[in-house]
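Notes follow once the structure below has been shown.
The values are calculated or read from the model by the stated rules, or taken from the named source; none is laboratory data. Everything numeric in this text was worked out from a predicted model, so none of it was measured. Methodologically, a virtual Cβ is constructed for each residue, glycine included, from the backbone with ideal geometry; neighbour enumeration extends over all protein chains shown. Note: accessible area is taken over every heavy atom of the protein model, side chains too, but ligands, DNA and RNA are not part of it. Shrake-Rupley method; radii C 1.70, N 1.55, O 1.52, S 1.80 Å.
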Amino acid sequence: MDAPAQTEDARRDAGLFILHMLLQRLEQQQPGLMDGMIDGILSDRAAMLATDEPNGYPRRIGDEALRILRLANDQLKIPWEPLRKG
């Protein structure tokens with residue numbers, strides 16, 4: 001992989017890492033926030049037209065958003081003390 005591609009990957013991954021931490025901190029301040037966001041994404045996906053392709057780009061975006069939210073949410077439920085400090 002060339003340096004520009006690695007730089008772009010690092011930028012994307014850093015953004016996801018920051019988003020992950022922000023979501024967890026927001027959830028601690030507003031319990032249930034991520035559950036509400038997950039429910040909203042699930043509702044949006046359910047409202048997509050039946051003619052949309054199952055693996056179309058909008059669905060892939062929703063799937064990835066769900067993955068990110070569920071991971072961040074599930075990690076907060078792990079009883080590891082270092083995760084509770086912030």
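Annotation for Leu33 and Glu53: the two label points, set 7 Å from Cα along the Cα-Cβ direction, are 3.5 nm apart.
Taking the accessible area of the chain, probe 1.4 Å, and keeping the other protein chains in place, the carbon and sulfur fraction comes to 60%.
Between Leu66 and Asp9, the distance separating the two model label sites (each 7 Å from Cα on the Cα→Cβ line) works out to 2.7 nm. Extension gain for Ala46 to His20 (0.36 nm times residue separation, less C-alpha to C-alpha distance): 6.9 nm. Only helical runs count toward this figure. For the chain, summing -39,500 (n - 2.57) over DSSP H runs of n ≥ 4 and dividing by all residues gives -25500 deg cm²/dmol at 222 nm.
Accessible surface calculations at 1.4 Å, restricted to protein heavy atoms, place the chain at 75 Å² per residue. Contact order normalised by length for the chain, with contacts defined as Cα pairs under 8 Å and 6 or more residues apart; what percent is it? Reported as a whole number, the value is 38 percent.
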